[in-house]
1. Identify, from the list LYS137, LYS150, the residue that is modelled with pLDDT under 95, of a type in the set (Lys, Arg), more than 13 Å from the chain's Cα centre (by Cα) and open to solvent by 20 Å² or more (accessible area, probe 1.4 Å).
2. Checking ILE275 against (1) at pLDDT 95 or above; (2) touching a Phe, Trp or Tyr at 6+ places or on another chain (Cβ under 9 Å); (3) open to solvent by 70 Å² or more (accessible area, probe 1.4 Å); (4) not basic (Lys, Arg), which test does it fail?
3. Test LEU280 against the stated conditions and say whether it is under 24 Å from GLY140 (Cβ atoms), surrounded by fewer than 21 Cβ atoms within 10 Å (Cβ to Cβ) and of a type outside the set (Phe, Trp, Tyr).
4. Within the stretch 177-190, can one find any residue that is open to solvent by 10 Å² or more (accessible area, probe 1.4 Å), at pLDDT below 90, in contact with a Phe, Trp or Tyr (Cβ under 9 Å, 6 or more places away or on another chain) and aliphatic (A, V, I, L, M)?
5. State whether one or more residues within the stretch 34-54 are of a type outside the set (A, V, I, L, M, F, W, C), on the phi > 0 side of the Ramachandran plot and crowded, with 21+ Cβ neighbours inside 10 Å.
6. Identify the residue in the stretch 53-62 that is modelled with pLDDT of 95 or more and not aliphatic (A, V, I, L, M) and, among all such residues, is farthest from HIS19 (Cα to Cα).
7. Checking VAL151 against (1) under 17 Å from SER93 (Cβ atoms); (2) part of a helix (DSSP H, G or I): exactly one of these is not met. Which one?
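The values are calculated or read from the model by the stated rules, or taken from the named source; none is laboratory data. Remember, predicted model here, so these are calculated numbers, not experimental data. Virtual Cβ from ideal backbone geometry, glycine too; neighbours counted across all protein chains shown. Note: accessible area is taken over every heavy atom of the protein model, side chains too, but ligands, DNA and RNA are not part of it. Shrake-Rupley method; radii C 1.70, N 1.55, O 1.52, S 1.80 Å.
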Amino acid sequence: MLLSDKSLAPGTVIQGVKHSYRVVDVLRRDGQGFTYKTMASVNRSGSVVEVPVVVREQMMVRCSARGEDGITVVTPDDIAPTVNSCLEAFISSSLERANISKGCPWIINVIEAFPANNTYYYVVEFLDGDTLEEYVKGMGGRLTFEQTRKVLSPIFDAVRTLHTHRAVHADIHPRHVRFVNREGEMIPVLFSLYATMHFSDRGVMRWSLPPMTCEEGFAPPEQYNAIDHFCPQLDIYALASMVVFCLSGSVLPDSRSLTEERVRETLPPTVPETIVSALLNALHPDKSVRTSTVTKFREELGTFQHTVRPQSLTLIDEMSRDEKTPGWLKYIRGFCEKSRFFRKFVN
């Protein structure tokens, strides 16, 4: 059976704790479940406002099926232990991602996480701005170093936040950064946290997850093998590849065949040698030699910092900031600020 056969049909309503979510379309499908574009409904005195959000549903499609209602996830008893183990990992990681996103405006907002239909759901804001890939193309195919610094320094902050929480994103590339409007300013936001790996203070993986995907040109050599210990160098390599992409408009080849000569050929000749050297250090094929922290990478790049720190607002927040917005939308803003996270689980 095709993966799409088991996705929730358009129009299906998923009942969350704070909102209900009407399925519009499937954005992504894989062996662990589905990612949907949905419309969240907020009610007040008979009035309903729908706001687009993204909902991830955990479902091992090769092990489980839908119940007679077409919504409930049903799993045979003999395979239930395996399915439950993956479900527990998804729940733990969803709650950890929610906790991490609270402290960084450059990481996608997690709206809530909740159990329903014999499985678990994770809800984030819907980002509809250009991806970094689209942005670079729209700027003529490449950026100056100053433009690159402005665009990527917030993403460096996002990754640093993840690493502070002993988490690794593991899927950073230009299509996983989108620009969103925050109080009239377009800012970059790192999203697609589904691949994040989480580790204990001792650096040991806290729960087992399915094998990672490897985005060619952005995944380091070690990512093509099993990762079982905290490895921030994984994301450092991806960040360096992102810098190269912004400066050149080109994606580096597979990391397993990448050479220093190829990196130099890809970068514009105007890039200073100090920057080239910093990138080569962060792209080193041996993770034990590669730049080990975001802070160190920034230092080697030079003035790769930023000063603007916007509030982490959702689309609903933005609508309610308009002075012409009716009072009931201002109510929604306050309502959503209070219920941004599924506090029963997060706190």
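1. The unique qualifying residue is LYS150.
2. Checking ILE275 against (1) at pLDDT 95 or above; (2) touching a Phe, Trp or Tyr at 6+ places or on another chain (Cβ under 9 Å); (3) open to solvent by 70 Å² or more (accessible area, probe 1.4 Å); (4) not basic (Lys, Arg), the one that fails is (3).
3. no
4. Checking the stretch 177-190: at least one residue is open to solvent by 10 Å² or more (accessible area, probe 1.4 Å), at pLDDT below 90, in contact with a Phe, Trp or Tyr (Cβ under 9 Å, 6 or more places away or on another chain) and aliphatic (A, V, I, L, M).
5. So far as the stretch 34-54 goes, no, none of its residues is of a type outside the set (A, V, I, L, M, F, W, C), on the phi > 0 side of the Ramachandran plot and crowded, with 21+ Cβ neighbours inside 10 Å.
6. GLN58
7. Exception for VAL151: condition (1).
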